[in-house]
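Single-structure report; data block below.
The values are calculated or read from the model by the stated rules, or taken from the named source; none is laboratory data. Everything quoted here is computed from the prediction, not taken from an experiment. Here Cβ is always computed from backbone atoms with ideal geometry, including for glycine, and neighbour counts include all displayed protein chains.
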Amino acid sequence: MKKAKPDEELVFLPLGGSGEIGMNLNAYGYGPPDARQWIIVDIGVTFGREDTTPGVDLILPDPTYLEGERDNILAIVLTHAHEDHIGALGWLWPRLQAPVMRRRSPRRWCARSCASGACSTKCHSRKFHLRAS
């Protein structure tokens with residue numbers, strides 16, 4: 001195993017959904033601050049509530065920081081096909097334009113999420129398999 005250099009670090013950036021249900025978007029970065037590479041895990045929505053957000057249907061996480069790191073995003077990894085994990089893909093993918101990795105089940109949801117959002121171009125996703133060793 002390669003030993004990490006002193007200026008390399010693992011960074012966890014919770015942009016939504018941590019400690020709550022809904023709007024999942026977490027980013028993991030590795031490397032020195034000026035050359036960090038990122039993996040985004042999930043990109044979901046949460047639903048507005050009449051008692052706290054009247055008139056609001058959907059709430060999206062704010063990916064502004066990641067837009068500035070767009071060239072350093074390796075992938076968006078989707079864990080499963082619930083709206084709070086993939087529902088913002090259609091609105092936020094055009095801002096990030098990173099490869100989308102998914103298990104088998106989210107494929108149709110990905111296509112539907114992109115079609116219902118702001119995607120002017122189709123975001124393509126690739127399937128990955130988990131194997132026990």
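Points to keep in mind about this one:
- Residue selected from region 65-97 under the condition out of contact with any helix residue (DSSP H, G or I) (no Cβ under 6 Å at 6 or more places or on another chain) and among the acidic types (D, E), by the criterion surrounded by the most Cβ atoms within 10 Å (Cβ to Cβ): D84
- The residue of region 22-64 that is nearest to L89 (Cα to Cα), among those that are of a type in the set (D, E, K, R) and touching a helix residue (DSSP H, G or I) at 6+ places or on another chain (Cβ under 8 Å), is D42.
- Pairs with Cβ under 9 Å, 6+ apart, first in region 76-105 and on the phi > 0 side of the Ramachandran plot and at pLDDT 90 or above, second surrounded by 19 or more Cβ atoms within 10 Å (Cβ to Cβ) and assigned to a strand (DSSP E or B): Q97/I73
- Extreme residue, surrounded by the fewest Cβ atoms within 10 Å (Cβ to Cβ), among residues of region 31-64 that are among the hydroxyl-bearing types (S, T, Y) and over 15 Å from S18 (Cβ atoms): T52
- Cβ-Cβ contacts under 9 Å between residues 6 or more apart (or on different chains), taken from a first residue in region 60-73 that is in contact (Cβ under 8 Å) with a residue 12 or more places away in the chain to a second residue that is among the basic types (K, R) and part of a loop (DSSP other than H, G, I, E, B), are listed as E69/R36; N72/R36.
- Boolean, A118 is aliphatic (A, V, I, L, M) and modelled with pLDDT under 90: yes
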